[in-house]
Amino acid sequence: MKNQIRLIALITFALVLGSCSRQVTRVATDQAIDLSGRWNDTDSRLTAEALTEQVLNQRWLHDFEQSHGRKPVVVVGLVYNKSTEHIDTDTYIKDVERSFINSGQVRLVQAGEKREELRAERQDQNTYAAPSTAAKWGRELGADFIMQGDISSIVDAYKRNKVVYYQVNEELTNLETNEVVWMGEKKIKKAIRN
């Protein structure tokens, strides 16, 4: 009798477990889906596009092209996460870099770890590759400006309701003079009700 009860319980458990299956649907990558109310891919992409549009439509760009006769070279530096949650700032930085390249208005150079990886490859080539095909030292394109920023958030909660406010600040600095030539911000506010 105990074996029959155990068998029935096992079958019932298997049926219940099997009926709770998950369904996954593919959606367009630019479709806004906000499940948790936290910073997400849509926030990253829209913020990067908005701030890149802001920076590229300011006076500094025209002034630089007039005085130097060429497009400025920009490096995207660090973006600090000062928010109350985990935000992958590397994804946001890539969105900014992509927006710069797609604009065609500035030239972009690598920063940080990727630049170091390029230098290591150049060193390997100079050690192991034929001299006629090895990438030469001292030919890197120097940046005229660096873009840096931070992502901050403020959370206001009461009972089961919450409002999350994000502010992304970016600034563009002339690397030679340390002059800040542009400052911009993008604000996002999300109301979350349970």
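Take every DSSP beta bridge whose two residues both sit in the chain, then give the antiparallel share in percent to the nearest 5. Provide the component values of the computation, followed by the final result.
Details: 27 of 37 bridges.
Around 75 percent of the beta bridges assigned by DSSP in the chain are antiparallel ones.
Kirkwood-type hydrodynamic radius, the chain: 20.8 Å, calculated from all non-identical alpha-carbon pairs.
The residue 25 and residue 193 beta-carbon pair, evaluated with R₀ = 22 Å, returns a calculated FRET efficiency of approximately 0.35. Note on segment 93-132: along the principal axes its Cα atoms extend 37, 21, 10 Å, ordered by decreasing extent.
In nm, what is the difference between 0.36 nm times the number of residues separating residue 46 and residue 141 and their Cα-Cα distance?
On the way: separation 95, 0.36 × 95 = 34.20 nm, distance 2.89 nm.
Using 0.36 nm per residue and subtracting the Cα-Cα distance, I get 31.3 nm.
With springs connecting C-alpha atoms under 10 Å apart, model the chain as a Gaussian network and identify which of 150, 90, 41 has the largest mean-square fluctuation. Ranking 150, 90, 41 by mean-square fluctuation puts 90 first. Mean-square fluctuations from a GNM of the chain, with a 10 angstrom spring cutoff on Cα atoms, peak among 119, 45, 107 at 119.
Using a 10 Å cut-off on Cβ atoms, rank the peptides 24-30, 131-137, 59-65 from the highest mean neighbour count down.
Details: 24-30: 6.7, 131-137: 10.0, 59-65: 14.3.
In decreasing order of mean packing, 24-30, 131-137, 59-65 become 59-65, 131-137, 24-30.
Tell me the GluC sites (Glu not before Pro) within segment 87-181 that lie in a loop according to DSSP and have at most 14 other beta-carbon atoms within 10 Å. Mind dumping the intermediate values first?
Values: sites: 97, 113, 116, 117, 121, 140, 170, 171, 176, 179; in loops: 140, 176, 179.
Answer in residue order: 140, 176, 179.
Using the Karplus relation 6.51 cos²θ - 1.76 cosθ + 1.60 with θ = phi - 60°, the per-residue 3J(HN,Hα) values for segment 173-179 come to 10, 6, 5, 7, 10, 6, 6 Hz, with x marking Gly and Pro. Cα gyration tensor of segment 47-134, axes a ≥ b ≥ c as square roots of the eigenvalues: rounded (a/c below 1.5), prolate (a/b > b/c) or oblate? Oblate, because a/c is 1.5 or more while a/b does not exceed b/c. Under a 10 Å cutoff between Cα atoms, tell me which one of 66, 123, 23 has the largest fluctuation in the Gaussian network model of the chain. Checking each option, the largest mean-square fluctuation is seen for 23.
FYI, it's all coordinate maths here, none of it is from the lab. The shown structure was predicted, so the numbers you read here are calculated from the model rather than taken from an experiment. So basically every Cβ, Gly included, is an ideal-geometry build from the backbone, and we count neighbours across all protein chains shown.
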